[in-house]
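Have a look at the structure below, then the notes.
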Amino acid sequence: MAEQIAGLILAGGRSSRMGGADKTLLALAGRPLTGLVLDRLRPQVGRIAINTNADPAGFVGFGVDIIRDTIAGYQGPLAGILAGMAWAAVEPDITHILSVAGDTPFFPEDLGKRLAAHAVAGRVVAAASNRRVHPTFALWPVSLREALAGFLESGDTRRVMTFLEQAGLDVVDFPVTQRGSVEVDPFFNINTPDDLAQAARIIDEAD
């Protein structure tokens, strides 16, 4: 099913806790975070786009499509998902997008395969770990594009889980992984300089 799935890296946030610097371009183990995320995502999907509202110049070297939100005002992850659906919809063979966060370098290498195994027509499948759902790591049917646009246009809320509950949600649990002597939640994300340092320590432990 990988050829029917397009990958979407969500890098549209403001990185406020990183002092405004685009955290997805910060170096981890000598490489930009986005490069590490791409390495994990590429084998799982047919094509990839990066959703960002920052200067696209920082992303052109990654060799994938770069797309901006199609609605104004930093509407959050759902705006990025909507932009990804519009981008994917031009290819008739693409039925789903697999979204991942651009600040999460350790997400599972079998994420797409496991979510696709639980896919039901018209419903979203999201990842979970430690009893917590991670809605930005999900398999989204492109057929939900109009429903998502209407949800965002209503202006009632931009909460991802609210839309997922309305659309229909299934959840797949992923275990904590062992990297060297450290147990790591596969959806550990980098929001602060301390998180970046912790990610570097995790990589050092695994080497």
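Worth pointing out:
- Under-5 Å amide H pairs with residue 171, H placed in peptide plane, nonlocal only: 126
- Under 13 Å from a label point set 7 Å out along the Cα-to-Cβ vector of residue 162, the amide N atoms of the stretch 59-99 belong to 76, 78.
- Basic side chains Lys and Arg get +1 at the Cβ, acidic Asp and Glu get -1 at the Cβ, and with that the dipole of the chain about its Cα centre reaches some 160 debye.
- In this entry, the chain is assigned a mean projected area of 11.0 nm², taken as a quarter of its C-alpha convex hull surface.
- Long-range HN-HN contacts of residue 28 with modeled amide H, under 5 Å: 33
- In plain terms, the chain from residue 132 to residue 71 could stretch by 19.1 nm, reckoned as 0.36 nm per residue minus the Cα-Cα distance.
- The stretch 150-196 - Rg over Rh from alpha carbon coordinates, Kirkwood radius: 1.17
- Top positive-direction residue, dipole computed over the stretch 2-205 with Cβ charges, set 191, 41, 144: 191
- Annotation: amide H of residue 7 within the under-5 Å range of 46, 47, 48, 49, 98, sequence separation 5 or more or interchain, hydrogens built in the peptide plane.
- Here the Karplus relation 6.51 cos²θ - 1.76 cosθ + 1.60, evaluated at θ = phi - 60°, turns the backbone of the stretch 73-80 into coupling constants of x, 6, 7, x, x, 5, 5, x Hz, with x for every Gly and Pro.
- FRET efficiency, residue 182 to residue 110 (Cβ-Cβ, R0 25 Å, nearest 0.05): 0.75
- The fraction of accessible area contributed by carbon and sulfur in the stretch 74-207 is 47 percent, rounded to a whole number (1.4 Å probe; ligands and nucleic acids excluded).
- Gyration tensor (alpha-carbon) shape descriptor, the stretch 1-116, a/c threshold 1.5: oblate
- Surrounding net charge for residue 125, when Lys and Arg each add one and Asp and Glu each subtract one, Cβ distance under 10 Å: +1
The values are calculated or read from the model by the stated rules, or taken from the named source; none is laboratory data. Given the structure is predicted, the values throughout are model-derived calculations rather than measurements. Note: ideal-geometry Cβ built from the backbone for every residue, glycine included; neighbour counts use all protein chains shown. Surface areas here come from the heavy atoms of the whole protein model, side chains and all, with no ligands, DNA or RNA. Shrake-Rupley method; radii C 1.70, N 1.55, O 1.52, S 1.80 Å.
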